[in-house]
Structure formats: C-alpha cells, structure tokens
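The structure appears right after this line, and notes come after that.
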Amino acid sequence: MAIKDYQREFIDFAIKNEVLKFGEFILKSGRISPYFLNAGLFNTGASLAKIGKFYAAAVQDSGIEHDVIFGPAYKGVPLACTTVIALAEAPYNKDTPYCFNRKEKKDHGEGGSIVGSPLKGKVLVIDDVITAGTAIRESVQIIQDCHAQLAGVLVAVDRQETGRNGDLSAIQEVERDFGVPVKAIVNMSHIMEYMEEKGIYGDHLAQMRKYREKYGV
C-alpha cells in the first residue's frame, strides 16, 4: 500500500528528531538492523504533541471501532494521552475516553490498578512497538480481567520481519493469537518508499533491501 501524507510527515519528523536513524543497530534478537526507531525520544512537549497527531491519524485510518483507548505502562501512557488530545481536536472532534494501568496495584485512595476512564467495552491499545509481544499479552490479560474486549492494537512502526522462529512476525503472532488487527503509523515498506522518494539514502536503502530479503515477511 502506497505511503500516505501523514506517514511521510511522520518519517520526516522522526528523522529530523533523530528518533529514526540509519546505520547498524544490534537488536534484542541479535540481528544487525540497518535502521532503528526509538519512540521514547519524542521527549519534549512539542514533539509529544506532534506524535499525537500522527497516532490520531493512524487511529482514524485504521477503522478499528473502539470505546476506550488504553496505554500500557509505561511508554504507552503518554502516547495514549497525546492521542486522545489530538482526537479531541479538529478535524476529528472525537472526545475519546482513555486509561492506563499502574504497574503495582494501589490499595489506598481510589485503589485499583486502572487510572482514568473505566476499562470497558471495545479497547484499542496504543504503544510504541511490538517486539516479542510480551507487553501486549500483559495488556490483554488486564483487559480480560476487567471484562472488556480487545478491539485492536496501534503502534508506531511495524518492522515487517520474521520472529525468532523464522515464521510470523511478532505483530502477525498477536493478530493470529487474539484475532484482532494490529496497525502501525508506518512500516518498513513505507520507510523504504520514503527513502526512494528522497533519493539521498543510496547505501542505507541498499542495506534495507538486503535486510528485508533476509528477514522480511
């Protein structure tokens, strides 16, 4: 699927903020990746506000019906917050409930492990990436414990590469195991299309193509 304007803007913004880098990066899997995206580096008010707009555009683009947005602690918390703020503004004007979990259950005050809106109905989980899928599985357990329903997952980037078993990607495994769509603001194909359009990433693009040939799904 061809890259869309908001996806192109996201990649451009990520590169300018050094959130998306090209080179050699050792992943947890031991693979040497020609690119790396660290959404945790969106760490100022302006950059967080901006990424919220990209997530909101992806939420709208995904078509996933949801009643509440859930941000898993910890990285998902600010992402969920900035996304619902962006959704509340034009052009969407959607006042969407959101919540997040505490890592440790609170036994005083209002108590409980969920902060924000009640976790009920159809839940859209927002996070930065899916690597092994462990964090998403923890979120699913929280959602089920609250008798809510997982509607889908939205992350910043889909690396579109096989898992450790050389079969499905972590995202495809989540889709298979839970029967819900997992969407991303951008995927590896979008990043490569952007690089081709710019025409200034020759060597890096060649490495990206080799990596996709070896590990792509």
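Orientation-averaged projection of the range 124-168 equals 3.4 nm² [convex hull of Cα atoms, one quarter of hull surface area]. Working note: Karplus 6.51/-1.76/1.60 with θ = phi - 60° gives the range 205-217 the couplings 5, 4, 5, 4, 5, 5, 5, 5, 4, 7, 10, x, 10 Hz, where Gly and Pro are set to x. What longest region of the chain stays clear of GluC sites (Glu not before Pro) that DSSP places outside H, G, I, E and B and that have at most 10 other Cβ atoms within 10 Å? Looking at the chain, 111-217 is the longest stretch - no exposed GluC sites (Glu not before Pro) with at most 10 other Cβ atoms within 10 Å.
With 18 Å as the limit on Cα-Cα distance, the pairs of LYS50/LYS75; LYS53/LYS183; LYS28/LYS103; LYS94/LYS122 that go past it are LYS28/LYS103.
Taking only protein heavy atoms and a 1.4 Å probe, the accessible area of the chain is 49% carbon and sulfur. For the Cα trace of the range 104-217, dividing Rg by the Kirkwood Rh returns an Rg/Rh value of 1.11. Taking every protein chain into account, the accessible area of the range 37-130 amounts to 48 square angstrom per residue (probe 1.4 Å). Where q = 0.14, 0.22, 0.25 Å⁻¹, what log10 of I(q)/I(0) comes from the Debye formula for the range 1-45, counting one point per Cα? Log10 I(q)/I(0), no solvent term: -0.41, -0.83, -0.93. Mean residue ellipticity at 222 nm, helices only, the chain: -13000 deg cm²/dmol; runs of at least 4 DSSP H residues each add -39,500 (n - 2.57), and the sum is divided by the number of residues. Quick one: Debye curve from the C-alpha atoms of the chain, no solvent, what's log10 I(q)/I(0) at q = 0.08, 0.15 Å⁻¹? So the normalised log intensities are -0.28, -0.99.
The values are calculated or read from the model by the stated rules, or taken from the named source; none is laboratory data. The structure presented is a predicted model; accordingly, all values stated were derived computationally and were not measured. Virtual Cβ from ideal backbone geometry, glycine too; neighbours counted across all protein chains shown. With ligands, DNA and RNA removed, areas are computed over all heavy atoms of the protein, side chains included. Shrake-Rupley method; radii C 1.70, N 1.55, O 1.52, S 1.80 Å.
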